[in-house]
1. Identify, among V55, G28, V5, the residue whose Cα sits farthest towards the positive end of the charge dipole of the range 3-70, taking +1 on the Cβ of Lys and Arg and -1 on the Cβ of Asp and Glu, with the dipole about the Cα centre.
2. Compute the length gained on full extension between E68 and S45: take 0.36 nm times their separation in residues and subtract their Cα-Cα distance, giving the result in nm to one decimal.
3. Each label point is 7 Å from the Cα along the Cα-to-Cβ direction; what then is the distance between the points at T60 and E11, in nm?
Amino acid sequence: MGRDVRNRVKELRVERGWTQQQLADAVGVSRQSVNSVERNRYVPSLPLALKFARVFGCTTDEIFELEERPPWLFECPRASK
């Protein structure tokens, strides 16, 4: 796909003084899921991203950022004729 999603979940959680478990309880997932999102090992579903936004009181764009890779990373060499 060529895209990575970066997020500010940990930053926003720590600013509020919440534990991973408190955030997990607030959005209805396991603490392990919050940990995976914070470590960029898991990209949350749209409903979960919206729950994060609601709990943090900000937009999804303020939490998640789509980072696109340069197109040249995915260019295939042309076959010579």
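Just so it is clear, none of the values below were taken in a lab; they were calculated from the coordinates. All of these numbers come straight from a predicted model, not from anything done at the bench. Note that each Cβ is placed from the backbone with ideal geometry, even for glycine, and that neighbours are counted across all protein chains shown.
1. G28
2. Going from the current span to full extension adds 6.4 nm.
3. That separation, rounded to one decimal, is 1.9 nm.
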